Amino acid sequence: MRIHTYEKLWLAGSFVLIVGFIVTVTYGSVGLGIDMIGEEADGVSPDEISSDERFSEPRVEQVGENEYEVYVVAMTFIFQPDPIEVPANSEVTFYVTSRDVIHGFEVPGTNINSMAIPGQVAELTVEFDEPGTYGVICNEYCGPQHHTMEGSLVVTPEWEFSQTELEVDAPESVAQGDEIDLTATVSNGLLETHESTVNVTIGSQTTEQSITVDGESSENVSVTVDSDELGPGEHDWTVSVDDQEESGTITVGNETDTTESVPASVGTETVSVTMNPADPTRASRGVGYP
Amino acid sequence: MTRLFVDEYPGQARLVRAAFLNSFVALAIGATFGLIQAFHRTDIYRFLPSPDYYTVLTGHGVFLVISFVIFFLVGLFHWAITDSLGQRPSRAWLSWGWYGLMSLGTLIIAASILGGFMEEPPEVLGAPLSADVLFTFYAPLQANPLFYLGLIVFFAGTWLAGADWFRTWLTWKGEHPGKRIPLPAFMVLTTMIMWYLGSIGVIVSLVAFLVPWSFEVIPGVNPLLTRTLFWFFGHMVVYFWVLPAYLLWYNVLPTLSGGRLFSDPLARVVFILFVLLSTPVGIHHQYMDPGIAEGFKFVAMTNTMFLLLPSLLTAFTVVASMEHGARQRGGAGTFGWIRALPWKDPAFTGMALAGAVFAFGGFTGIVNAGMNINYLVHNTLWIPGHIHTQVGTATALSLMAGSYWLVPQLTGNRLVGRRIALFQVVTWFLGIVFMTNAMYRSGLFGVPRRTAEPQYSFEYDVGIGSMGELNAQIALGGTLLFVATVLFLGVMLLTVLNRDSEPLVDGTIPPALSGPEDSPRILDNLKLWAAIAIVLLVLAYALPLASVIQGGGLHGQDIRPYPVVLVDAVQHAGTILGVPIH
Ligand code: HEM
Ligand SMILES: [Cu+2]
Ligand SMILES: [Cu+2]
């Protein structure tokens with residue numbers, strides 16, 4: 001076959017270029033460790049999602065020091081969880097699946113980008129160095145309201161990050177003269193011990209209590225108030241810790257028959273910190289129960 | 001003395017004209033839809049409810065890349081086979097048969113898509129007449145069965161067209177023993193081998209899965225399997241779209257430049273490389289898919305990079321041929337010859353600009369192909385940027401430019417409005433520069449494609465420029481493209497009506513500088529190349545397909561269909577999609 005000299009040179013140049021591209025991409029994979037989404041994660045069919053231990057509760061979970069896993073379920077036309085909250089300076093692995101049709105999972109401004117295919121689970125790991133707020137969007141057409149499918153991703157400063165959950169157990173009504181017992185169960189979803197402050201307000205009375213909760217466990221904080229001090233009528237209460245808040249109303253009445261509620265977290269191993277305004281040693285940091 | 005195709009083969013000219021007519025009608029609708037999209041998604045002007053955007057987008061994709069391009073392709077190929085072999089097809093019914101099937105298929109598909117605009121689409125075959133599934137029709141989004149059936153009829157037509165051309169060639173071969181296949185015919189035949197092999201994927205997906213599923217014969221589909229079968233076809237088809245432009249660049253452009261093709265052997269090598277490599281790369285469209293091992297993606301990546309070779313070779317041959325032509329016309333100097341090219345000829349200028357845009361778009365394709373870089377651009381507006389430089393210009397503009405040269409030969413009428421035509425190709429070029437520039441840039445900071453309202457509650461990190469400026473460029477570019485389309489169609493219409501005239505073109509294609517005799521005969525052994533292509537296909541796809549089936553089952557697991565009937569009310573969406581939101 002007769003090939004012109006220039007053509008031969010061009011051909012050689014082309015080969016160099018092609019091999020150069022392949023080497024570059026390979027370097028990205030092997031040298032820089034940019035993994036492709038593959039088939040490592042086991043699939044889950046849409047009907048099994050509700051009973052799947054990874055996806056039944058879409059969430060962020062700490063799995064090691066500065067290491068987190070996020071289980072995301074995409075469905076028409078939302079993402080769960082929303083917002084996704086992770087700390088800065090962490091390595092986060094996303095597991096993404098779909099409950100119905102094919103969706104996309106993209107975080108503009110980052111290189112987070114994957115398909116969410118029903119039956120399959122996409123796994124991708126990214127590092128977050130800086131705090132920031134991002135949008136999460138579906139970039140694959142998924143139906144008539146596809147363009148509304150949006151979530152958010154919040155990277156909080158490390159020291160502000162918590163995975164605290166709050167459950168409060170308080171009576172709805174008490175008879176005049178009885179004690180009001182309010183118990184807040186604070187659980188820490190992180191692996192590390194978490195320190196925080198619980199704020200409790202009942203009527204006009206406020207107190208706060210520092211607590212230390214071990215990793216993956218919970219603590220109870222109890223507050224006891226004499227209903228006489230509040231007087232008859234409805235009283236609002238609020239309990240807050242980290243970014244969690246619970247509130248409700250207690251009616252102080254004249255009748256004696258009150259419904260005592262059962263402690264919420266029966267199963268959790270708890271160390272109860274009783275904070276009794278009558279006991280000055282315990283209400284050490286309290287802000288004024290009279 | 002001008003030599004006119006229509007005088008020599010009036011029957012064939014009629015068929016080619018009919019195919020072009022279908023093609024141009026599709027172009028008119030598709031371009032109108034494109035204009036609507038350009039204004040809607042940028043929020044510059046919206047007159048349709050956003051759910052209808054997806055009906056428009058489905059139409060845009062299907063009418064342009066299926067109907068416009070492929071009808072033009074079959075017309076062009078029919079001309080090329082007949083003209084280069086000097087041989088009429090043996091059976092007129094066969095030729096009109098494939099044209100009829102393709103037309104029927106297109107009508108069925110169009111009805112199913114356009115039904116989606118109705119408030120309450122009628123029930124057809126047990127489902128509402130609607131197919132808002134975009135041109136990729138990823139299950140479990142479900143279209144009306146007619147959509148899938150229409151596609152099957154259309155594909156059947158294209159297969160029959162290939163059979164027609166192979167028959168013509170076999171007859172010719174019998175009468176010309178030992179002769180080399182003329183280059184245009186060689187290109188047609190190799191392209192069709194590629195089409196036969198690559199379209200198997202989507203045909204299996206349609207026949208074995210989507211149609212039975214849409215009639216509820218099988219309980220479900222494996223979405224990753226039908227998707228993989230689509231992309232088995234999906235990269236081959238992009239070459240199927242581009243190869244008619246290549247045919248024009250190799251055969252017509254050198255003539256228009258005033259010279260001859262530089263190398264016939266290399267042109268053959270290029271087309272053989274497409275036969276071999278264009279299908280075993282489809283997985284590069286699935287880099288972001290879970291359920292496909294990284295190793296398969298890596299193989300697809302390397303194959304894709306090697307697929308650059310035929311395009312790089314084409315760049316060389318085409319530019320060398322143009323230079324040769326320019327020097328024949330008295331051009332001189334290292335680059336000075338460029339000025340001697342026939343820039344006033346719309347056919348030449350259109351193809352040359354299309355080639356330039358293609359070269360640029362090729363580099364953006366390398367970014368797409370670059371596996372890990374793909375994270376940055378996957379499903380962003382960057383991709384439509386790439387689509388419009390490649391099929392939307394390299395192909396579309398070459399086809400329009402080619403029409404300026406070919407349609408007079410098919411009608412026997414002189415081209416009307418040469419200067420308008422010249423203005424038209426330049427307008428298209430400017431339009432594409434504005435629109436794709438903005439699309440590429442928007443994609444880089446994450447603006448998604450296929451989205452009616454890509455305006456969210458967060459702000460994009462635009463970097464240089466502003467979102468407003470980018471949107472304005474998309475709208476401006478889209479408008480220029482639309483104007484160019486109208487001008488093109490106007491020139492075509494006037495030319496067809498321009499009965500009492502003599503064309504100025506000469507359809508003779510001079511032989512290449514380095515002819516087929518400079519290449520080994522084995523290049524013409526089509527059976528051999530087809531066999532190697534099949535082996536490569538099996539190597540590239542057997543394992544990934546097996547693993548996809550093993551992973552998700554042949555019919556998927558608990559995958560419910562989601563018929564897409566786009567209604568405007570938000571509350572409807574939930575019920576129609578039947579989504580359990582927990
Ligand atoms: C009048 C000229 C045109 C305009 C204004 C236009 C505009 C657009 C726009 C704005 C999009 C992006 C839609 C989105 O992702 O939300 C798009 C997508 C697309 N266009 Fe065009 N376009 C034009 C011509 C063409 C031509 C000539 C072709 C091919 C021959 C083409 C093929 C496509 C394809 C394949 C897509 C992707 C469809 C999808 O994502 O499903 N367009 N076009
Ligand atoms: Cu979506
Ligand atoms: Cu491709």
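Values in this text are rule-based calculations from the coordinates and carry no lab data. Owing to the predicted nature of the structure, the values given are computational and were not obtained by experimental measurement. Methodologically, a virtual Cβ is constructed for each residue, glycine included, from the backbone with ideal geometry; neighbour enumeration extends over all protein chains shown.
Can you check how the C-alpha radius of gyration of the protein assembly as shown compares to 2.2 N^0.38 Å, as a plain ratio?
1.14
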Principal axis dimensions, largest first and in whole angstrom, of chain B by Cα: 75, 50, 46
In whole Å, largest first, the alpha carbons of chain A cover along the principal axes 108, 40, 30
If I take R0 = 51 Å and measure r between the Cβ atoms of B:D558 and A:E67 in this structure, what FRET efficiency does the formula 1/(1 + (r/R0)^6) give, to the nearest 0.05? 0.95
Once label points are set 7 Å from the Cα along Cα→Cβ at both B:V535 and A:T249, what is their separation, rounded to one decimal in nm? 8.3 nm
Please report the relative contact order for region B:178-235, taking Cα pairs under 8 Å with a sequence separation of at least 6, and give it as a percent rounded to a whole number. 41 percent
extent check for region A:164-255: Cα max minus min per principal axis, descending, whole Å, gives 47, 19, 16
Expressed in angstrom and rounded, the centroid-to-centroid distance over alpha carbons for region B:153-194 and region B:43-72 is 33 Å
Give the distance, in whole Å, between the Cα centre of region B:77-114 and the Cα centre of region B:272-298. 31 Å
What's the FRET efficiency of A:E165 with A:E195 using the Cβ-Cβ distance as r and R₀ = 22 Å, to the nearest 0.05? 0.90
Any lysines with Cα under 27 Å of the B:K173 Cα? List them, leaving off those in the same chain fewer than 8 positions away. B:K527
Once you keep just the Cα pairs under 8 angstrom separated by 6 or more residues, what percentage relative contact order results for chain B? 21 percent
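Relative to the compact globular guide of 2.2 N^0.38 Å, what is the alpha carbon radius of gyration of region A:38-156, as a ratio?
Rounded to two decimals, the normalised Rg is 0.98.
Taking 0.36 nm per residue of separation and subtracting the Cα-Cα distance, what length does fully extending A:E53 through A:M1 add?
Difference between extended and current length: 12.3 nm.
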So what's the Cα pair-distance distribution over region B:359-471, bin width 10 Å, in %? 13, 36, 26, 15, 8, 1
Measure nothing fancy, just the Cα-based angle from helix A:5-26's long axis to the longest principal axis of chain A, in degrees from 0 to 90, nearest 10. 20 degrees
Sort A:S247, A:S152 by Cβ crowding within 10 Å, fewest neighbours at the top. A:S247, A:S152
Convex hull volume per residue in cubic angstrom - Cα atoms of region A:112-240: 193 Å³
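Just want the ordering: B:D558, B:D132, B:D289, A:D129, from fewest to most Cβ atoms lying within 10 Å of their own Cβ.
Placing the least packed residue first, the sequence is A:D129, B:D558, B:D289, B:D132.
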Where q = 0.15, 0.28, 0.29 Å⁻¹, what log10 of I(q)/I(0) comes from the Debye formula for region B:176-223, counting one point per Cα? -0.56, -0.95, -0.98
Please state, rounded to one decimal and in Å, the Kirkwood hydrodynamic radius that region B:438-495 gives when every pair of distinct Cα atoms enters the mean of 1/r. 13.4 Å
Tell me the mean residue ellipticity at 222 nm calculated for the protein assembly as shown from its helices only (DSSP H runs of n ≥ 4, each -39500 (n - 2.57), averaged over every residue, nearest 500). -15500 deg cm²/dmol
For region A:164-255, calculate the relative contact order in percent as a whole number, restricting contacts to Cα pairs under 8 Å that are 6 or more residues apart. 37 percent
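Would you calculate the volume per residue, in Å³, of the smallest convex hull containing every Cα atom of region B:260-398?
Convex hull of Cα atoms, per residue: 119 Å³.
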